[in-house]
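**Q** After the structure tokens below, expect a handful of questions from me.
Just so it is clear, none of the values below were taken in a lab; they were calculated from the coordinates. Quick caveat: nothing in here was measured; it's all calculated off a predicted structure. Backbone-built Cβ (ideal geometry, glycine too); neighbour counts: all protein chains shown.
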Amino acid sequence: MRTGIGENQKHARFQALCQSLRPDLLRFALWLSRDRSVAEDVVQEALLRAWKAQDALLDEKAAKPWLLTIIRREYARTFERKRVPTVDVDDLIASEEPALAGGEDPDLVELRLAIYRLPLEYREPLVLQVLMGFSTAEIGQQLGLTTAAVLTRLFRARRQLRVLCGEDVSQDPEDDGL
Amino acid sequence: MMDCKHYRAALLADPAAVTAEMRDHGSGCAACAQFTQRIQAFEARLQRAVRLPLPEARDAGRGASVSPLPIAASASGRRVASRTLRWTALAASFIAAISVGGLLWLAVPRSSLAGDVVNHMAEEPEAWRRTTAVVSPAALDAVMQDAHMHLSAATAGLVSYASSCGFRGHQVPHLVVQDPSGPVTVMVLVHESARSPDDFDEQGYRGEILPVPGHGAIAILTRNQRLDAAALDRIALQLRAAIRWTN
């Protein structure tokens, strides 16, 4: 197998693209798994798969959702491959708390712990929106949901977060089928 | 006409997507305007919170140690193995490069918007004087009106410098607020977009770009290395609360 100059340039370009996206991909995997070692494994495996399948990426602008899809599938595979023990969320939070702090202010740590406590169905769209900058329609595409369903989940995610953080929610609208 | 319940639900679902209908409601309803400020402050914290600190040291080590794929022993297997090894080597170097590159990416200033803001500062050194002189309300109004805004001097703090500056093809307000810890510069960048806060530390300036849902972003920066991110956030939120967009 001979690798031409064009191929090398293509690989270098793809590598640079992945480099720029990797920090947020790792953060996304961390929010998804709530486990640093699982997140690192998932991102490493996902990038390896992406590198092998890079010809499938026809438009660089689509790289972020494409890589996220690979990461979500890879994360699902970790549960197919091995039985992942059920961990109590309080134990999980206790073990991850120093890592969540990162020398930052207590308010941020409190908010991060609250995000950890959100069910995955709310945590995932919220992180896609706030961290990855996805629009509601893009989140719907990624998760296979209608725009209305995404909006409901995002509304519930923020409302639950605000309750968990002890914010004044007296002026928040009730969750009565909005 | 949108009611308060639907306005607030829409804001909670996506605080960055403020529609014209929502803007109409928000500008005519004092309770919802107050609610919006609280949600925006919460959102600024949320955007900072999701940017988890990354495990840099562990990650760098892991990146260089991709497990090799199984190698077959037969003659035909050797060809496959040779290809596999080459493939694995390429993949390993890719992963290693990504990991090391990721660390470098984290270490270098990467926002050209932040870079442009810092470069702009160098053009106006007089803005950094520590002073107790306040810009007159008329001069402040003139600067803000250029950008279709009004600034409430009562809540903005001590504004010692106000200039309408050309920045990326638009006139934007460049303000200096005299904080007890020293002067802090703020640029209101209505024409820029930012989905999440971006910290920067370039050429002796430290600061952040903060998104303002529906109204672009605010850049805030200081030369005082002792002023922490929380203090910058406080000043930015104070300014943001004092601004009323009039367009």
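**Q** Normalised by the empirical 2.2 N^0.38 Å for globular proteins, what value does the Cα Rg of the stretch B:109-247 take?
**A** Details: Rg = 13.5 Å, N = 139, 2.2 N^0.38 = 14.3 Å.
In units of the 2.2 N^0.38 Å rule of thumb, it is 0.94.
**Q** Next question, about the same structure. Go ahead and run the numbers for FRET between B:S136 and A:A56, Cβ-Cβ distance against an R0 of 51 Å, rounding to 0.05.
**A** For R0 = 51 Å, the calculated efficiency reads 0.25.
**Q** I'd like the distance between the alpha-carbon centres of the stretch A:18-60 and the stretch A:114-178, rounded to an integer number of Å.
**A** 23
**Q** Pop out the ³J(HN,Hα) list for the stretch A:17-27 in order, Karplus 6.51 cos²θ - 1.76 cosθ + 1.60 with θ = phi - 60°, rounded to Hz; leave Gly and Pro as x.
**A** My calculation for the stretch A:17-27 gives 4, 5, 4, 5, 8, 4, x, 6, 5, 5, 4 Hz in order.
**Q** Would you calculate the separation in nanometres between label points at B:D116 and B:R234, each defined as 7 Å from the Cα along the Cα-to-beta-carbon direction?
**A** Going from the B:D116 label point to the B:R234 one covers 3.1 nm.
**Q** In addition: From the square roots a ≥ b ≥ c of the eigenvalues of the alpha-carbon gyration tensor of the stretch A:12-53, which class results: rounded (a/c under 1.5), prolate (a/b over b/c), or oblate?
**A** Values: a/c = 3.27, a/b = 1.75, b/c = 1.86.
It is oblate, given that a/c is not under 1.5 and a/b is not larger than b/c.
**Q** Now, a different point. What FRET efficiency comes out for B:C29 versus A:R77 if R0 is 35 angstrom and r is the Cβ-Cβ distance? Round to the nearest 0.05. Don't jump to the answer; show the numbers that get you there.
**A** On the way: r = 49 Å, r/R0 = 1.40.
For R0 = 35 Å, the calculated efficiency reads 0.10.
**Q** Roughly how many nanometres apart are two label points built 7 Å out from the Cα toward the Cβ at A:T147 and B:S152?
**A** That separation, rounded to one decimal, is 3.4 nm.
**Q** Then there's this: I'd like the FRET efficiency for A:A12 and B:H191, computed as 1/(1 + (r/R0)^6) with the beta carbon distance as r and R0 of 51 Å, rounded to 0.05.
**A** Working: r = 34 Å, r/R0 = 0.66.
So the FRET efficiency works out to roughly 0.90.
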